[in-house]
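Worksheet for the structure shown next.
The values are calculated or read from the model by the stated rules, or taken from the named source; none is laboratory data. This structure is a prediction, so every number in the text was calculated from the model and none was measured. Glycine also receives a Cβ, built like all others from the backbone with ideal geometry; neighbour counts cover every protein chain displayed. Surface areas here come from the heavy atoms of the whole protein model, side chains and all, with no ligands, DNA or RNA. Shrake-Rupley method; radii C 1.70, N 1.55, O 1.52, S 1.80 Å.
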Amino acid sequence: MPLLEGKGVTKYFGGLAAVLNVDFHIEQGEVVGLIGPNGAGKTTLFNLISGALTPQSGTIRFRGENITGLKPHVICRKGIARTFQLVRVFPNMSVLENVLMGVLFGKSDGHGMGQALEEAEKWVDFVGLSPVKGLPARSLTLANQKRLEVARALATGPKLLLLDELMAGLNPTEVAQTMELVNRIREQGITVFMVEHVMKAIMGICNRIIVLHHGEKIAEGTPQEIATSRTVIEVYLGE
Amino acid sequence: MLEVQALNTFYGKLQVLWDVSLQVQEGEIVAIVGSNGAGKTTLLNSILGLVRPASGHVTFLGQRIDGLPSHAIAEQGISIVPEGGRVFPDMNVRENLEMGAYPAHAWERRRETLEYVYQLFPRLRERERQLARTLSGGERQMLAIGRALMSRPRLCLFDEPSYGLAPVLVKETFEIIQKIREQGVTVLLVEQNVRRALEIADRAYVLENGHICMEGACAELLESDHIRRAYLGM
Amino acid sequence: MKPGNVNLRKLWGPGLTFVVLALLAAFPLYASAYGLILVTDILMFVILALSWALFSAPTGYVSLAPAAFFGVGIYTSAILGKQLPLPLVVFLGGLISFCLALLVGALTLRLRGIYFAMFTFGLVELIKHFWLWYEIRFTGTRGRFVVVVDQKTIYIIMFVTFVLLLGTTYLIRRSRWGLALRSVGECEEAAAHIGVNVNILKTITFAISAIFMGAAGSVIATRWTYVDPYIAFNPLYSFMAVLMAIFGGISNPYGPILGAVIFAYLEEILLTRFPYYYMLIFGVVLIITVLYLPEGLIGLVMKLRKRMAGGQDALA
C-alpha cells in the first residue's frame with residue numbers, strides 16, 4: 001500500500017483546469033520531486049493534498065484512508081505537514097513559539113507545555129536555528145524563514161512532508177546545505193514530496209520525479225529518465 | 001552613470017551596510033551577489049530612496065539622488081523589478097503596465113512603450129485583460145519586468161529575477177535582461193543564481209555581511225576560489 | 001542582573017492587579033453613593049472593552065457586535081428580572097449571548113477584514129429592528145420597565161463579572177489556546193495547516209467574549225429602569241468598546257482596562273463640566289492617540305518602563 005495515492009485528481013478554477021486527472025503515488029521512505037513549468041498546477045496539487053482546496057473529482061488516500069476534502073487541520077493531524085511557496089511564518093511570534101505551535105496543535109495526542117517546549121527546541125536545533133530562537137520570525141532572512149517553516153512542519157510529527165520551493169532564492173552553497181537538511185529529514189523516516197525548480201537539488205536527492213504540464217502529468221521516472229526525456233526538456237528544462 | 005559612495009545604512013541600531021561603494025557605467029550589466037541577509041536588498045532600497053542611508057551618497061547622471069523621495073528617483077529614470085514578481089494583484093495586465101508609465105515623461109509615450117513591451121513578451125498581450133493574480137509565476141515575472149520598462153528607465157534594477165522560476169524561464173529571463181541592455185537600458189542585478197548572473201554581467205560586486213569584499217570582471221570572479229566555494233557550491 | 005530584580009519586575013503587574021482588586025472588592029464599604037455609581041459605570045465599560053479585546057485583539061477580526069450582545073443582556077434583564085434573582089438573570093444574559101454568538105460566529109467567521117466588521121455592525125441593527133417589530137406586533141409595547149435593584153448589589157455583581165472576565169482572559173492568554181488565537185491573527189492559513197481547528201477556535205472564543213458583554217448588559221439594565229430597543233441596541237456601545245480598547249492598547253489586557261477607565265471617567269467629567277464640547281474633546285484625544293500612540297497608552301507605558309529599566313542596567 002502506498003503512503004499517499006491520488007487517483008484522477010482534478011481541480012478547475014473557473015473554466016481552467018489547474019490539475020487534470022492526475023494519478024500519483026508516494027511510497028514510504030521516498031523523496032519524490034514534483035516539477036513543471038510555472039503555472040503547471042504543482043502548488044494546486046499540494047493544496048489539494050493538504051486540504052486547502054477540495055478536488056472536483058478524484059480521490060486522495062493516505063495510508064489507505066480516503067482523505068479527499070478533509071479540513072487542513074484534520075489532514076495535518078493525520079500526518080501530512082507542509083511548507084508554503086511564499087513563506088507563511090507567524091511574523092510576530094518568536095522562532096521557538098512558531099515551532100511550539102506545531103508541537104501543540106499538530107498531533108492528535110496531547111502534550112504538557114514543558115515537554116512540548118523541549119520538543120520544539122529539538123526541532124529548532126534540527127534545522128540549525130537555535131542561535132536565533134528568541135527572535136521574532138519576521139526578523140529572519142528569507143532562507144531562515146524557510147527553515148523555520150520546515151521546523152514548524154516537522155514539529156507536527158508528520159509521516160509525509162510537502163516542501164514547496166524550499167530552495168528558491170538560495171545561492172548554490174545554501175542549496176547544498178538545504179539538500180543536506182532534506183537528507184537528514186529522510187533519515188528521520190519521514191517521506192518527502194517536494195516542488196522544486198532547482199534542478200541540481202531535484203536531481204541530487206529525489207528517487208523519483210513527477211512532471212506536470214498544464215495540470216496534467218506528462219512524465220514520471222528516475223532523475224536520469226527525466227533529465228533525458230524529450231518532452232521534459234522541451235517544456236521545462238530547455239536545451 | 002550610477003555612483004554609490006561610502007554608504008552606511010541602519011535598521012534601528014543594526015548596521016546593515018558598511019561603507020559600500022560601487023559604480024555602474026552606462027550600458028553595463030553589473031551584478032551584486034552575496035548570501036541571504038548580506039544586505040543586497042537593503043542596498044537596492046537605499047538606491048531607490050526606500051531606506052534613508054545614515055551617511056554616504058548616491059549620484060545618478062551626476063546628480064545627488066540620496067534623500068530624494070522614491071517617486072522623484074523614479075522620475076529620474078531608475079526603475080525596479082521587485083523580488084518574486086510583485087505586481088498589483090487586482091489589476092489586469094494592461095492596467096499594471098500602465099501603472100508603470102506613471103512618471104510624467106513616460107505617460108505621454110505609454111502607447112508606444114506598451115507596444116514595445118508586448119513585442120518583448122507576446123504572452124502579456126494574450127493575457128491583456130486577465131487579472132494579475134490569476135497569472136502563473138512566470139507570467140507574473142514577465143509582467144513585473146514589463147511594468148518596470150514602461151517607465152522608460154535609463155537604469156533598471158532587478159531584485160532576484162530568477163526567484164521561483166522554472167529552468168526554462170530562468171534562461172528566458174536572463175536572455176530578456178541581455179536584450180533590455182541591447183535596447184540601451186543599463187542593468188543592476190541582484191541575484192542568487194550566481195553562476196548565471198556572472199555569466200551575463202560585465203562586472204560584479206560581492207557583498208558579505210554588509211561589506212563589499214570583492215569586485216571585478218565576472219570572468220575573473222568565476223575563477224576565484226572564494227567565489228567557487230562560497231557561492232557556486234564547488 | 002540580579003535574580004531578585006527580575007522577580008520584582010515580574011511581580012509588578014500581578015501585585016498591582018491584586019491590590020486594585022482588593023480595593024475594588026472592599027469599595028462598597030467605604031464608597032459614597034455617587035462613587036459607587038461612577039465605578040459601576042466604569043467597570044461596565046472595562047468589561048465591554050476587555051471582552052472585545054479577548055477575541056479581536058489576538059485574531060485581528062474587528063467585531064462591532066458588542067452592542068448586540070450587550071442589548072441581549074439588557075433585554076434578558078427586562079424580561080426575566082421580575083421573576084428571577086439578579087445573579088441568575090445575569091447568568092442567563094451571558095448564556096443567551098453565548099448561544100447567539102455561537103450561531104453568528106459559525107455563520108460569519110469565514111468573512112475577513114472589513115466584511116466581518118460590517119456584518120457584526122449589521123447584526124446590531126438587525127436585532128434592534130427585529131425586536132422592535134416583535135414587541136409591537138406581539139406584545140404591543142415598545143419599551144419596558146426594568147425591576148430596580150439596589151446600587152450595592154449592582155456593583156458587586158458587576159465586579160464579580162469583571163473578575164471572572166479577568167480570570168478568563170488570563171487563562172486563555174497563558175494557555176495554548178491563546179497562542180493559537182495569536183497564530184490566527186498572524187497567518188490563519190498556516191495555523192490551519194499545522195493542526196489548529198481555526199473555525200471552532202474563532203467561534204468559541206467569539207462566543208465566550210459575548211458572555212461578558214451580555215452579562216454586563218443584564219447588570220446595568222437594572223440601573224436604567226426603562227429600556228426600549230433603541231436604548232438597548234445602541235451601536236455606540238460597540239464603538240466605545242473598540243475605541244477604548246485601541247486607545248488603551250491591545251498588546252496586553254492592561255491596555256483595554258486602562259483605556260476604558262480613563263475614557264469612562266473622562267466622559268463623566270466632560271459630560272458634567274463641558275456638555276457641549278465633550279464629543280469634540282473625545283475626537284481630538286482619539287486622533288492624537290491614533291497618530292502618535294499606535295500602540296495605545298499601554299505601549300507608551302511599556303516604552304517608558306523599558307527606558308527606565310534600560311537606564312538602570314546602564315548604571316549597574
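Can we say residue C:73 is of a type outside the set (S, T, N, Q), modelled with pLDDT of 95 or more and surrounded by 16 or more Cβ atoms within 10 Å (Cβ to Cβ)?
Spelling it out, residue C:73 is indeed of a type outside the set (S, T, N, Q), modelled with pLDDT of 95 or more and surrounded by 16 or more Cβ atoms within 10 Å (Cβ to Cβ).
Answer with yes or no whether residue C:106 is among the small types (Gly, Ala, Ser) and touching a residue at least 24 places away in the same chain (Cβ under 8 Å).
yes
Among the candidates A:5, A:97, A:65, which residue alone is out of contact with any Phe, Trp or Tyr (no Cβ under 6 Å at 6 or more places or on another chain), crowded, with 16+ Cβ neighbours inside 10 Å, farther than 30 Å from residue C:173 by Cα and not polar (S, T, N, Q)?
A:5
If a residue must be under 18 Å from residue C:124 (Cα atoms) and without any contact (Cβ under 8 Å) to a residue 24 or more places away in the chain, how many such residues does segment C:23-80 contain?
Selection size over segment C:23-80: 0.
Determine which member of the set C:242, C:285, C:219, C:261 is assigned to a helix (DSSP H, G or I), open to solvent by less than 10 Å² (accessible area, probe 1.4 Å) and not aromatic (Phe, Trp, Tyr).
Result: C:219 is the single residue among C:242, C:285, C:219, C:261 that is assigned to a helix (DSSP H, G or I), open to solvent by less than 10 Å² (accessible area, probe 1.4 Å) and not aromatic (Phe, Trp, Tyr).
With the condition being touching a strand residue (DSSP E or B) at 6+ places or on another chain (Cβ under 9 Å) and aromatic (Phe, Trp, Tyr), I'd like the strands (runs of 3 or more DSSP E) fully within segment B:1-65 carrying at least 1 qualifying residues.
By residue number, B:2-11, B:14-24, B:55-60.
Pull up segment A:221-239, narrow it to residues that are open to solvent by 20 Å² or more (accessible area, probe 1.4 Å) and closer than 24 Å to residue A:187 by Cα, then point me to the one that is nearest to the other protein chains (Cβ to nearest Cβ).
Taking the candidates together, the pick is A:224.
Please enumerate the residues belonging to segment C:93-117 that are within 19 Å of the chain's Cα centre (by Cα) and closer than 18 Å to residue C:233 by Cβ.
Once the filter is applied, which keeps residues that are within 19 Å of the chain's Cα centre (by Cα) and closer than 18 Å to residue C:233 by Cβ, segment C:93-117 yields C:93, C:94, C:96, C:97, C:98, C:99, C:100, C:101, C:104, C:117.
Say we look at segment C:268-277 and pick out the residues that are of a type outside the set (A, V, I, L, M, F, W, C) and over 21 Å from residue C:256 (Cβ atoms); which of these is surrounded by the most Cβ atoms within 10 Å (Cβ to Cβ)?
C:277
Is segment C:21-42 home to any residue that is open to solvent by less than 40 Å² (accessible area, probe 1.4 Å) and not in a helix (DSSP H, G or I)?
Looking through segment C:21-42, at least one residue is open to solvent by less than 40 Å² (accessible area, probe 1.4 Å) and not in a helix (DSSP H, G or I).
Based on this model, can you work out whether residue C:185 counts as within 24 Å of residue C:64 (Cβ to Cβ) and more than 14 Å from chain A (Cβ to nearest Cβ)?
no
State whether one or more residues within segment B:53-76 are within 14 Å of chain A (Cβ to nearest Cβ) and open to solvent by 10 Å² or more (accessible area, probe 1.4 Å).
No: zero hits.
Is it the case that segment C:67-82 has a residue that's assigned to a loop (DSSP other than H, G, I, E, B) and over 30 Å from residue C:188 (Cβ atoms)?
Yes, segment C:67-82 contains a residue that is assigned to a loop (DSSP other than H, G, I, E, B) and over 30 Å from residue C:188 (Cβ atoms).
For segment A:73-83, name all the residues that are buried (at least 17 other Cβ atoms within 10 Å of the Cβ) and either touching a Gly at 6+ places or on another chain (Cβ under 8 Å) or more than 7 Å from every other protein chain (Cβ to nearest Cβ) (or both).
Residues satisfying the conditions are A:73, A:75, A:76, A:77, A:78, A:79, A:80, A:81, A:83.
Do we have any residue at all in segment A:142-157 that's surrounded by fewer than 19 Cβ atoms within 10 Å (Cβ to Cβ) and among the charged types (D, E, K, R)?
no
For segment A:50-72, how many residues meet the condition of being under 24 Å from residue A:103 (Cβ atoms), away from chain C (no Cβ under 11 Å) and part of a loop (DSSP other than H, G, I, E, B)?
Count: 3.
Might you check whether a residue that is out of contact with any His (no Cβ under 6 Å at 6 or more places or on another chain), more than 13 Å from chain B (Cβ to nearest Cβ) and open to solvent by 40 Å² or more (accessible area, probe 1.4 Å) occurs anywhere in segment A:195-213?
Yes - at least one qualifying residue is present in segment A:195-213.
For segment B:7-39, how many residues meet the condition of being open to solvent by 10 Å² or more (accessible area, probe 1.4 Å), within 14 Å of another protein chain (Cβ to nearest Cβ) and at pLDDT 90 or above?
0
Mind checking which residues of segment C:78-120 are farther than 21 Å from residue C:49 by Cβ, open to solvent by less than 70 Å² (accessible area, probe 1.4 Å) and not hydrophobic (A, V, I, L, M, F, W, C)?
Matches in segment C:78-120: C:81, C:108, C:113.
With respect to residue A:116, is the statement that it is at pLDDT below 95 and either in a loop (DSSP other than H, G, I, E, B) or closer than 23 Å to residue A:177 by Cα (or both) true?
No.
Looking at (1) assigned to a loop (DSSP other than H, G, I, E, B); (2) touching a residue at least 40 places away in the same chain (Cβ under 8 Å), which is the only condition residue A:98 fails?
Only one criterion is unmet by residue A:98, namely (1).
Kindly provide the set of residues from segment B:121-146 that are surrounded by fewer than 18 Cβ atoms within 10 Å (Cβ to Cβ), in contact with a helix residue (DSSP H, G or I) (Cβ under 8 Å, 6 or more places away or on another chain) and in a helix (DSSP H, G or I), ordered by number.
Scanning segment B:121-146 gives B:123, B:125.
Do we have residue C:172 as crowded, with 18+ Cβ neighbours inside 10 Å and farther than 19 Å from residue C:97 by Cβ here?
In short, no.
Could you list, in sequence order, all residues of segment A:166-193 that are more than 14 Å from chain B (Cβ to nearest Cβ), open to solvent by less than 30 Å² (accessible area, probe 1.4 Å) and either in contact (Cβ under 8 Å) with a residue 40 or more places away in the chain or touching a Gly at 6+ places or on another chain (Cβ under 6 Å) (or both)?
A:181, A:182, A:191, A:192, A:193
Could you check how many residues of segment A:78-95 are in contact with a Lys or Arg (Cβ under 9 Å, 6 or more places away or on another chain) and free of Cβ contacts under 8 Å to residues at least 40 places away in the same chain?
1
Quick test for you: out of A:127, A:95, pick the one residue that is away from chain B (no Cβ under 14 Å), in contact with a Leu (Cβ under 7 Å, 6 or more places away or on another chain), closer than 25 Å to residue B:233 by Cβ and modelled with pLDDT of 95 or more.
So the residue among A:127, A:95 that is away from chain B (no Cβ under 14 Å), in contact with a Leu (Cβ under 7 Å, 6 or more places away or on another chain), closer than 25 Å to residue B:233 by Cβ and modelled with pLDDT of 95 or more is A:127.
Any idea how many residues of segment A:29-51 are at pLDDT below 95 and out of contact with any strand residue (DSSP E or B) (no Cβ under 8 Å at 6 or more places or on another chain)?
Number of matching residues: 2.
Can you run down the residue pairs with Cβ atoms below 6 Å, 6 or more apart or on separate chains, where the first is in segment A:218-238 and over 18 Å from residue A:204 (Cα atoms) and the partner is of a type in the set (Lys, Arg) and open to solvent by 20 Å² or more (accessible area, probe 1.4 Å)?
A:238/B:171
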